[in-house]
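Here is the structure we will look at.
The values are calculated or read from the model by the stated rules, or taken from the named source; none is laboratory data. The structure displayed is predicted, hence computed values, not measured ones. Note: ideal-geometry Cβ built from the backbone for every residue, glycine included; neighbour counts use all protein chains shown. Surface areas here come from the heavy atoms of the whole protein model, side chains and all, with no ligands, DNA or RNA. Shrake-Rupley method; radii C 1.70, N 1.55, O 1.52, S 1.80 Å.
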Amino acid sequence: MAKRVSGPAHLSITGASSGIGAALAREYAAPGVRLSLAGRDRERLADVARDCLSKGAQVDTASLDVLDEAAMADWTRARDSAHPLDLVIANAGISAGTGGSGEEGPDQARRIQAVNVEGVMNTVFPAIELLRARGAGQIALMSSLASFRGFPGAPAYCASKAMVRVWGESLRGHLAPSGVGVSVICPGYVESPMTAVNTFPMPFLMSAEKAARIIRRGLSRNRARIAFPFPTYLAAWLLGSLSPGLTDPLLRRLPEKS
């Protein structure tokens with residue numbers, strides 16, 4: 001019989017078809033681990049599932065849109081009913097910026113807010129209901145180092161990630177008495193389809209595999225905030241701490257996201 005690995009026995013990951021979500025699925029995949037993976041790209045999700053199966057994990061996949069509140073709730077409850085969830089990672093998100101035009105249209109801004117905020121809520125609320133009833137489990141929310149300061153080149157993205165970070169940090173204290181842990185993940189630049197379109201320098205760019213290892217280590221320690229890499233985290237934190245009057249002239253010179 002395969003030996004059960006330490007850590008969560010059953011975890012769900014949204015946005016698992018690429019980037020950090022796919023890397024996390026592969027990182028956790030091992031004998032005795034159940035992975036419930038959701039994503040919109042069926043082909044890429046199937047590739048991730050095959051890799052995880054080859055490592056001995058049990059895998060269930062679903063092609064879901066995180067904006068479908070009812071479908072997300074049904075999926076989460078069904079997966080938990082099949083085997084109680086230990087860890088829920090709300091990872092799905094999108095990114096876009098002003099693309100050099102100097103402005104961000106309302107349709108794009110609303111779309112980013114919907115996926116990055118409502119999509120996270122649609123993932124987290126069903127999990128809260130289930131985990132709090134058992135008095136155990138953990139929830140992880142994917143934010144970003146961009147959450148610490150609004151950057152002119154990506155207004156809606158920064159705002160959406162700020163909401164996720166602050167909400168997650170608030171939920172941590174709110175759910176702690178119920179025995180449910182909450183961690184907020186704030187990566188810097190990580191290799192993914194999201195960053196592949198960037199045409200500007202990305203300091204301390206790291207692989208999705210390395211990011212997944214850092215995240216897993218932080219979650220195993222129930223860290224409140226998993227922010228990395230440290231130099232970029234320090235810079236983002238300082239920019240958010242200083243007066244906008246001091247930092248605006250600098251930030252206006254930064255390249256804009258496409």
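See the values below:
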item	result
Residue check, Pro201 in a loop (DSSP other than H, G, I, E, B), more than 20 Å from Glu27 (Cβ to Cβ) and open to solvent by 20 Å² or more (accessible area, probe 1.4 Å)	yes
Every pair of residues 6+ apart whose Cβ atoms lie under 8 Å, when the first sits in segment 100-123 and is open to solvent by 30 Å² or more (accessible area, probe 1.4 Å) while the second is at pLDDT 95 or above and polar (S, T, N, Q)	Gln113/Ser160
Among the candidates Ala196, Ala159, Ala176, Ala140, residue that is under 15 Å from Ile20 (Cα atoms) and either at pLDDT 95 or above or open to solvent by less than 10 Å² (accessible area, probe 1.4 Å) (or both)	Ala140
Pairs with Cβ under 6 Å, 6+ apart, first in segment 80-97 and farther than 15 Å from Gly181 by Cα, second open to solvent by 50 Å² or more (accessible area, probe 1.4 Å)	His83/Arg34; Ser95/Met194; Ala96/Gln108; Gly97/Glu256
Enumeration of residues in segment 58-72 that are over 14 Å from Gly39 (Cβ atoms) and within 18 Å of the chain's Cα centre (by Cα)	Glu69
Flag if Ile128 is open to solvent by less than 10 Å² (accessible area, probe 1.4 Å) and touching a helix residue (DSSP H, G or I) at 6+ places or on another chain (Cβ under 8 Å)	no
Qualifying residues in segment 2-17 (those that are surrounded by fewer than 21 Cβ atoms within 10 Å (Cβ to Cβ) and at pLDDT below 95) - the one nearest to Arg221 (Cα to Cα)	Gly7
Failed item, numbered, when Ala133 is tested on (1) part of a helix (DSSP H, G or I); (2) buried (at least 18 other Cβ atoms within 10 Å of the Cβ)	(2)
Residue within segment 85-106 that is modelled with pLDDT under 95, out of contact with any helix residue (DSSP H, G or I) (no Cβ under 8 Å at 6 or more places or on another chain) and of a type in the set (Asp, Glu) present	yes
Criterion: modelled with pLDDT under 95, polar (S, T, N, Q) and not in a helix (DSSP H, G or I) - qualifying residue of Ser183, Ser258	Ser258
Glu27, sole failed condition from (1) part of a helix (DSSP H, G or I); (2) surrounded by fewer than 24 Cβ atoms within 10 Å (Cβ to Cβ); (3) in contact with a Gly (Cβ under 8 Å, 6 or more places away or on another chain)	(3)
